[in-house]
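Below is one structure, written out as structure tokens, with a few remarks after it.
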Amino acid sequence: MLQTRLFAALLIIFVVIGFDQATKWIAWENFYGNTVTVLPFLNFVLIINKGIAFGMLEGIVTNEIIIAASSFMVIVLTFIMLKSERTAVSFALSLVIGGAISNIIDRMRTVDNFRLEGVIDFLDFHFAGWHYPAFNIADACIVIGVLFLIYDLIYLEPKDKRKQNEKDEY
């Protein structure tokens, strides 16, 4: 079971990295300097986010510190994922780890002789003049993974513990 869960986790991590990097490459090649309206509530636009989530701490924290902190978190989350016996936790952490690694790749990348030192964001959701901060597939995977971890912690893990307690009573 561990080998199957590990294989699935690695597959998810590599799919997230591959899909995110492919979409960022498409964004770089097609949206640089342009805004493309896709739907009334969605634009494609190329932004280089040099801060952390939503551009916070831009200019305050260096790219190298963000890379080091992100890499440390990837290592910690990988150990947690490997020790976890819960498939749901492995799945969620795989999404987070894959997204984090892909964003680290961006921060280390040079494109067209230009060192990014940030993350390519290109999804711009908006409504009635309000724009959600631009993000990418890796960011979405990180958020989905964290939400799934919270859901697991609140609903699935207690349910499994109740089932285990019922088995122990018999």
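Six or more apart or on different chains, Cβ under 7 Å: which pairs go from a residue in segment 107-128 that's modelled with pLDDT under 90 to one that's aromatic (Phe, Trp, Tyr) and surrounded by 14 or more Cβ atoms within 10 Å (Cβ to Cβ)? Could you list them?
Cβ pairs passing all conditions: 111/28.
Would you call residue 44 crowded, with 18+ Cβ neighbours inside 10 Å and outside any helix (DSSP H, G or I)? Give the derivation first.
Values: crowded, with 18+ Cβ neighbours inside 10 Å: yes; outside any helix (DSSP H, G or I): yes.
Answer is yes for this residue.
Of all residues in segment 124-136 being within 20 Å of the chain's Cα centre (by Cα) and in a loop (DSSP other than H, G, I, E, B), which is surrounded by the most Cβ atoms within 10 Å (Cβ to Cβ)?
Within segment 124-136, the match that is surrounded by the most Cβ atoms within 10 Å (Cβ to Cβ) is 136.
So, of the residues in segment 1-41 that are under 15 Å from residue 121 (Cβ atoms) and surrounded by 17 or more Cβ atoms within 10 Å (Cβ to Cβ), which turns out to be nearest to the chain's Cα centre (by Cα)?
20
Can you confirm whether residue 119 is buried (at least 19 other Cβ atoms within 10 Å of the Cβ), more than 17 Å from residue 137 (Cα to Cα) and of a type in the set (Val, Ile, Thr)? If you could, list the steps in order and put the result at the bottom.
On the way: buried (at least 19 other Cβ atoms within 10 Å of the Cβ): yes; more than 17 Å from residue 137 (Cα to Cα): no; of a type in the set (Val, Ile, Thr): yes.
Considered against the rule, which asks whether it is buried (at least 19 other Cβ atoms within 10 Å of the Cβ), more than 17 Å from residue 137 (Cα to Cα) and of a type in the set (Val, Ile, Thr), residue 119 comes out as no.
Please pick out the residue among 70, 90 that is at pLDDT 90 or above, farther than 16 Å from residue 12 by Cα and polar (S, T, N, Q).
Details: 90 fails: farther than 16 Å from residue 12 by Cα.
Every option except 70 fails the conditions.
Among the residues that make up segment 114-123, is at least one of them part of a helix (DSSP H, G or I), over 29 Å from residue 148 (Cα atoms) and over 16 Å from the mean Cα position of the chain (by Cα)?
Keep residues of segment 114-123 that are part of a helix (DSSP H, G or I), which gives none.
So far as segment 114-123 goes, no, none of its residues is part of a helix (DSSP H, G or I), over 29 Å from residue 148 (Cα atoms) and over 16 Å from the mean Cα position of the chain (by Cα).
In a helix (DSSP H, G or I) and farther than 17 Å from residue 105 by Cα: which single residue out of 61, 36, 76, 16 fits that description? Please lay out each step first, then the result.
On the way: 61 fails: in a helix (DSSP H, G or I); 36 fails: in a helix (DSSP H, G or I); 16 fails: farther than 17 Å from residue 105 by Cα.
Just one listed residue meets the conditions, 76.
The values are calculated or read from the model by the stated rules, or taken from the named source; none is laboratory data. Being a predicted model, the structure only gives us computed values, none of them experimental. A quick note on method: Cβ atoms are made from the backbone with ideal geometry, for glycine too, and the neighbour counts reach across all protein chains shown.
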